[in-house]
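Novice: Here it is, the structure, as structure tokens.
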Amino acid sequence: MTTFDRLLDVRKERGAGYFILLDPDKNKRDQLPSFIQEATEAGVDGFLVGGSLMSTDEFEQQLKTIKQNTSVPVLIFPGSIMQVSSIADAILFLVLISGRNPEHLIGSQVIAAPIIRRSGLEPISTGYMLIEAGNTTSAEFMSNTKPIPRDKADIAVAHALAAEIIGMKILYLDAGSGANASVPEEMLRAIASNCALPVIVGGGIRTPEEARRKVEAGASFVVTGTVTEHNNHHSFIKEFAEAVHSRAPRSRTN
């Protein structure tokens, strides 16, 4: 079974999946093993690893530590072509479809593709969209692209449909790390109503209630990063996991 199939199973069995984004520059090495174990026990369905900038040289070592301490999928969320490693279960092969910078539409992908193929790492073709968040995020600045305006759901839908027709496997709507505002539910609802691709949503999601609203609006997977960096205890993560899984199908009894 591929990692992508495992993710689809999570969505089917739990209604939606909950991911935690880990920035290698911000992880505390001595606390990482216990955090991964506790987060897994709390109900996290996967870990995304990567960042817009990376000054640490411990990327692969951190991937090893994460893999050694969890049974759920570990996926690379690359900020550059330097963030590729066969240690992970898969990599989100990002195409920044919301922007018009050719470097992030095909340039970096051409350079990364042979590296990924040689590594044996499973690529998951991902239509990546930056959504306006009320502030300039690292992803927006580093990609040199403008995000989709948060009140333009029709534009987001058109991009989502293009990704589906091209043959991408999944969408990622990102308000960005530390965003002032998360992706609007109206936009998620419009995409879910018009596009068959699973949708990952992240950036600016600060409470379990907000995470639940994203799922109710049509998100297949919810990502938190900054909020769990500052509230990395078991009970807080469990609240998020339970909120994301709130639409899980109820088991039938005879």
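Novice: Here is a check on your reading of the model: is Ile81 of a type in the set (A, V, I, L, M) and either in contact with a Lys or Arg (Cβ under 8 Å, 6 or more places away or on another chain) or at pLDDT 95 or above (or both)?
Specialist: no
Novice: Restricting attention to segment 201-222, report how many residues are part of a strand (DSSP E or B) and surrounded by fewer than 24 Cβ atoms within 10 Å (Cβ to Cβ).
Specialist: 0
Novice: Let me ask another. Looking at Arg189, is it farther than 21 Å from Leu48 by Cα, among the charged types (D, E, K, R), modelled with pLDDT of 95 or more and in contact with a Gly (Cβ under 8 Å, 6 or more places away or on another chain)?
Specialist: yes
Novice: Contact list please: Cβ distance under 6 Å, first residue in segment 148-161 and under 16 Å from Ala179 (Cα atoms), second residue surrounded by fewer than 18 Cβ atoms within 10 Å (Cβ to Cβ) and of a type in the set (A, V, I, L, M, F, W, C), pairs at least six apart or on different chains.
Specialist: Within 6 Å, the pairs are Ile148/Ile155.
Novice: Moving on. Got a sec? Which of Leu94, Leu53 is out of contact with any Cys (no Cβ under 9 Å at 6 or more places or on another chain), at pLDDT 95 or above and either not in a loop (DSSP other than H, G, I, E, B) or not aromatic (Phe, Trp, Tyr) (or both)?
Specialist: Being out of contact with any Cys (no Cβ under 9 Å at 6 or more places or on another chain), at pLDDT 95 or above and either not in a loop (DSSP other than H, G, I, E, B) or not aromatic (Phe, Trp, Tyr) (or both) holds for just one of Leu94, Leu53, which is Leu94.
Novice: Of the residues that make up segment 57-74, is at least one part of a loop (DSSP other than H, G, I, E, B), under 26 Å from Asp30 (Cα atoms), at pLDDT below 95 and among the hydrophobic types (A, V, I, L, M, F, W, C)?
Specialist: no
Novice: In the list Met168, Met142, which residue meets the criterion of being over 29 Å from His230 (Cβ atoms) and either part of a loop (DSSP other than H, G, I, E, B) or modelled with pLDDT under 95 (or both)?
Specialist: Among Met168, Met142, only Met168 is over 29 Å from His230 (Cβ atoms) and either part of a loop (DSSP other than H, G, I, E, B) or modelled with pLDDT under 95 (or both).
Novice: Picking from Ala133, Ala156, which residue would you name as being over 23 Å from Gly51 (Cα atoms) and surrounded by 22 or more Cβ atoms within 10 Å (Cβ to Cβ)?
Specialist: Ala156
Novice: Yes or no: Leu53 out of contact with any Lys or Arg (no Cβ under 8 Å at 6 or more places or on another chain), surrounded by 19 or more Cβ atoms within 10 Å (Cβ to Cβ), more than 21 Å from Ala211 (Cβ to Cβ) and touching a residue at least 12 places away in the same chain (Cβ under 8 Å)?
Specialist: Considered against the rule, which asks whether it is out of contact with any Lys or Arg (no Cβ under 8 Å at 6 or more places or on another chain), surrounded by 19 or more Cβ atoms within 10 Å (Cβ to Cβ), more than 21 Å from Ala211 (Cβ to Cβ) and touching a residue at least 12 places away in the same chain (Cβ under 8 Å), Leu53 comes out as no.
Novice: In segment 165-178, which residue that is surrounded by fewer than 17 Cβ atoms within 10 Å (Cβ to Cβ) and of a type outside the set (A, V, I, L, M) is nearest to the chain's Cα centre (by Cα)?
Specialist: My answer is Gly178.
Novice: Here's something else I'd like to know. Tell me whether segment 24-42 contains one or more residues that are closer than 26 Å to Val215 by Cα, within 13 Å of the chain's Cα centre (by Cα) and of a type outside the set (Phe, Trp, Tyr).
Specialist: Within segment 24-42, none of the residues are closer than 26 Å to Val215 by Cα, within 13 Å of the chain's Cα centre (by Cα) and of a type outside the set (Phe, Trp, Tyr).
The values are calculated or read from the model by the stated rules, or taken from the named source; none is laboratory data. Keep in mind the model is a prediction, meaning the values are calculated, not measured. Because the Cβ atoms are built from the backbone with ideal geometry, glycine has one as well, and the counts that use them run over all protein chains shown.
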